[in-house]
Amino acid sequence: MIIVHDTFICKPGNASKMAKLFKEWSKSQKGTYTMTDMTGQWHRVIMVSTHASLAAYEENSKKMMADTPKNRAMNEKFKDMNDMYVSGSREIYRVW
């Protein structure tokens, strides 16, 4: 199994807005959830997703980028996301 953490350091006042967007999106994605950090760096939102393999992760990424009505509607909701964060990173873990 593969676990992916997409971490966003948000501008002050935007972490809860971004977390709500990701929470709404994650309802349609199996094995995906949203976390906010309670003890570490402030204003951090982490999207966590699980995948059977790296190939499955790549396939899911392709599906998210496909031009479909569902994806277009979600992209419209996320159109201002880049204004909400300062930086971000991705970590990919293999579960042993």
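The values are calculated or read from the model by the stated rules, or taken from the named source; none is laboratory data. Just so it is clear, the structure is predicted and the values come from calculations on it, not from any experiment. Because the Cβ atoms are built from the backbone with ideal geometry, glycine has one as well, and the counts that use them run over all protein chains shown. Heavy atoms of the whole protein, side chains included, go into the accessibility calculation; ligands, DNA and RNA do not. Shrake-Rupley method; radii C 1.70, N 1.55, O 1.52, S 1.80 Å.
Numerical summary
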{"quantity": "Selection within the range 1-39 - open to solvent by 40 Å² or more (accessible area, probe 1.4 Å), under 21 Å from Ala73 (Cβ atoms) and part of a helix (DSSP H, G or I)", "calculated": "Lys17, Lys20, Lys23, Glu24, Trp25"}
{"quantity": "Tyr93 vs. criteria in a strand (DSSP E or B) and surrounded by 10 or more Cβ atoms within 10 Å (Cβ to Cβ)", "calculated": "yes"}
{"quantity": "Residues within the range 40-70 that are in a helix (DSSP H, G or I) and within 14 Å of the chain's Cα centre (by Cα), tallied", "calculated": "5"}
{"quantity": "Test: Met47 is open to solvent by less than 100 Å² (accessible area, probe 1.4 Å) and aliphatic (A, V, I, L, M)", "calculated": "yes"}
{"quantity": "Count - residues of the range 42-69 that are under 28 Å from Lys11 (Cβ atoms) and modelled with pLDDT under 80", "calculated": "2"}
